[in-house]
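The values are calculated or read from the model by the stated rules, or taken from the named source; none is laboratory data. As the structure is a computational prediction, the values presented were derived from the model and not from experiment. Cβ sites come from the backbone with ideal geometry, for glycine too, and all protein chains shown count toward neighbours.
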Amino acid sequence: MLYHLPYGNTEVSIDIPPECSVKLIKPVNIKATEDETVLIKKALEHPITCRKLREIAEQGKKAVIIVSDITRPTPTAKLLPRLISELETGGVKDITIIFGLGIHRKQTEDEKKKILGELYGKVRSIEHDVNDCVYIGTTSRGTPVEIFRPVMEADIVVCTGTIEFHYYAGYSGGAKSILPAVSSKKSIDANHALMLDPKSCAGRNDGAVRQDIEEASEMLGIDFVLNVILNEKKEIVFAAAGDHIEAHRKGAEFLDRLSKIEVEPADIIIVSPGGFPKDIDIFQAHKALEHVKNAMKEGGSIILVAECREGYGNRVYEEWLKYSRDEVIEKFREGFVMGWHKAALIAALSKNVDLYLVSSLPEEMVRKANFIPSTLKKALEIALAKHGGGLRIMVVPYGGSMLVTGI
């Protein structure tokens with residue numbers, strides 16, 4: 001049978017022998033039963049544990065709307081018109097869109113245009129700058145909270161985003177629009193160091209990273225959030241608005257029903273993050289590995305299908321690839337530095353499984369990152385030869401959006 005996996009803006013296919021036991025893991029096939037604009041409108045008209053945005057706007061003069069950058073699939077251009085209309089109805093005219101970059105690279109004008117759509121050039125927009133942040137306090141876990149100055153100076157802070165599984169924050173969305181999206185590098189590093197907490201893993205909201213994020217955001221004060229969940233076609237199938245914690249939790253519950261699954265462990269896992277932008281680089285594509293690795297038999301093979309058009313995707317991560325696999329793991333144990341964790345997690349996984357990467361990158365780059373460079377067909381042939389007959393194979397075309405664990 002032929003299986004298809006997203007790859008950049010296209011896809012790759014693989015024919016798996018019929019004697020193999022294959023399980024195709026995909027999100028529950030939920031179609032956009034209602035027009036996306038209707039879902040957004042309903043969410044805004046019925047905010048969770050919060051006043052309507054237009055009512056909040058009556059008390060403010062200056063508003064910022066924080067949006068995702070190009071590495072995220074959030075359909076920002078669909079969310080902004082209604083949010084801006086709500087603010088203007090309430091009397092706010094001074095509105096600034098802020099791209100929440102965190103420590104990601106600056107974006108091109110074409111990328112900003114893609115995100116904002118028809119609003120590009122019609123509404124003021126700026127990018128987050130990690131070097132222009134204001135200290136407002138320290139969380140109970142010791143994270144210094146330093147927030148982008150224009151966010152601090154706003155009367156109303158509105159956050160947007162997509163809720164997906166996140167391998168150490170539990171879920172994306174909610175207060176992640178503040179930390180890390182518009183925080184200083186010092187704040188981000190301190191928060192991300194909490195990923196060593198065993199509860200800081202995909203599918204949980206009680207981990208140290210998520211709790212720290214929400215404590216920091218309470219110190220700032222988020223006035224309103226609008227979060228959505230997408231199906232495999234990137235259509236909006238759920239929207240929640242209102243309080244940044246309560247609305248986020250409603251979305252997380254929906255996502256669990258949609259994309260969380262337990263399976264019998266597999267000998268071979270073929271996984272794609274879900275295409276662009278989830279496979280824009282290794283730094284981002286790695287998340288798909290974290291979402292499926294607990295459904296892998298010991299000593300098995302994982303084949304990651306990810307274009308990685310922008311290479312490694314993080315300067316610090318790339319610098320640490322100069323060390324051997326064992327050196328990277330040992331240095332990570334000695335102390336956390338943002339960027340090291342990717343190198344250490346991939347290195348550790350590559351010691352336990354055969355880790356293949358099907359990408360557009362040169363073979364030397366792939367090997368340096370502790371992957372085995374290969375085509376999809378060749379990787380499967382090698383894995384089949386190694387593991388012998390009676391194989392259990394798992395195919396996960398949207399690994400960036402799924403959470404798969406072994407029974």
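Out of region 153-164, which residues are modelled with pLDDT of 95 or more and farther than 16 Å from K93 by Cα? Before you say what the answer is, go through the steps one by one.
In the first step, residues of region 153-164 are kept if they are modelled with pLDDT of 95 or more; the result is 153-163.
Across region 153-164, the qualifying residues are C159, T160, G161, T162, I163.
Residues are listed down the side, and each one gets a yes or a no for (1) out of contact with any Lys or Arg (no Cβ under 7 Å at 6 or more places or on another chain); (2) over 15 Å from V237 (Cβ atoms); (3) part of a loop (DSSP other than H, G, I, E, B):
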| position | (1), (2), (3) |
| --- | --- |
| E34 | yes, no, yes |
| L39 | yes, no, no |
| L44 | no, yes, no |
| R51 | yes, yes, yes |
| E55 | yes, yes, no |
| G60 | yes, yes, yes |
| V64 | yes, yes, no |
| D69 | yes, yes, yes |
| T74 | yes, no, yes |
Next item on the list: Please go through region 320-343 and pick out each residue that is surrounded by fewer than 20 Cβ atoms within 10 Å (Cβ to Cβ), among the small types (G, A, S) and either modelled with pLDDT of 90 or more or not assigned by TED's automatic domain parsing to the domain that holds A288 (or both).
Entry: S324
Item checked: Qualifying positions in region 383-407 - out of contact with any Ser or Thr (no Cβ under 6 Å at 6 or more places or on another chain), in contact (Cβ under 8 Å) with a residue 40 or more places away in the chain and among the hydrophobic types (A, V, I, L, M, F, W, C) -> L384, L391, I393, M394, V395, V396, L403, V404, I407
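Here are E319, E307, E330, E264: which of them is closer than 18 Å to L376 by Cα and acidic (D, E)? Quick ask: steps written out before the conclusion?
Working: E319 fails: closer than 18 Å to L376 by Cα; E330 fails: closer than 18 Å to L376 by Cα; E264 fails: closer than 18 Å to L376 by Cα.
After applying the criteria, what remains is E307.
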Next item on the list: Kindly provide the set of residues from region 202-215 that are free of Cβ contacts under 8 Å to residues at least 60 places away in the same chain and of a type in the set (A, V, I, L, M, F, W, C), ordered by number.
Entry: V209, I213
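If a residue must be charged (D, E, K, R) and in contact with a helix residue (DSSP H, G or I) (Cβ under 8 Å, 6 or more places away or on another chain), how many such residues does region 352-382 contain? Step through it out loud before you land on a result.
Pass one, region 352-382, residues charged (D, E, K, R): 354, 363-364, 367-368, 377-378, 381.
Next cut, in contact with a helix residue (DSSP H, G or I) (Cβ under 8 Å, 6 or more places away or on another chain) only: 354, 368.
The total comes to 2.
From the list S374, S401, which residue is assigned by TED's automatic domain parsing to the domain that holds I268, in contact with a Pro (Cβ under 9 Å, 6 or more places away or on another chain) and among the hydroxyl-bearing types (S, T, Y)?
Details: S374 fails: in contact with a Pro (Cβ under 9 Å, 6 or more places away or on another chain).
On inspection, the qualifying residue turns out to be S401.
Only one of G300, G275, G311 is buried (at least 21 other Cβ atoms within 10 Å of the Cβ) and farther than 21 Å from S401 by Cα; which? Let's see the steps before the verdict.
Working: G275 fails: farther than 21 Å from S401 by Cα; G311 fails: buried (at least 21 other Cβ atoms within 10 Å of the Cβ).
The unique qualifying residue is G300.
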Notebook entry, point to check: List the pairs whose first member sits in region 316-344 and is more than 17 Å from A285 (Cβ to Cβ), whose second member is among the polar types (S, T, N, Q), and whose Cβ atoms are under 9 Å apart, counting only residues at least 6 apart or on separate chains?
Noted result: R325/S350; R325/N370; V328/N370; M338/N314
Item checked: Answer residue from region 168-189, given it is out of contact with any Asp or Glu (no Cβ under 8 Å at 6 or more places or on another chain) and basic (K, R) and is surrounded by the most Cβ atoms within 10 Å (Cβ to Cβ) among those -> K176
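If the requirement is being in a loop (DSSP other than H, G, I, E, B), in the same structural domain as K52 (by TED's automatic domain parsing) and in contact (Cβ under 8 Å) with a residue 40 or more places away in the chain, which of these qualifies: K199, K186, K234, K250?
K234
Only one residue in I98, I14 is in contact with a His (Cβ under 9 Å, 6 or more places away or on another chain), more than 30 Å from V404 (Cβ to Cβ) and either in contact (Cβ under 8 Å) with a residue 60 or more places away in the chain or among the β-branched types (V, I, T) (or both), so which one is that? Write out each step before concluding.
On the way: I14 fails: more than 30 Å from V404 (Cβ to Cβ).
Exactly one residue qualifies, and that residue is I98.
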Check: Do you know which residues across region 202-231 are part of a loop (DSSP other than H, G, I, E, B), surrounded by 19 or more Cβ atoms within 10 Å (Cβ to Cβ) and more than 18 Å from the chain's Cα centre (by Cα)?
Finding: I222, D223
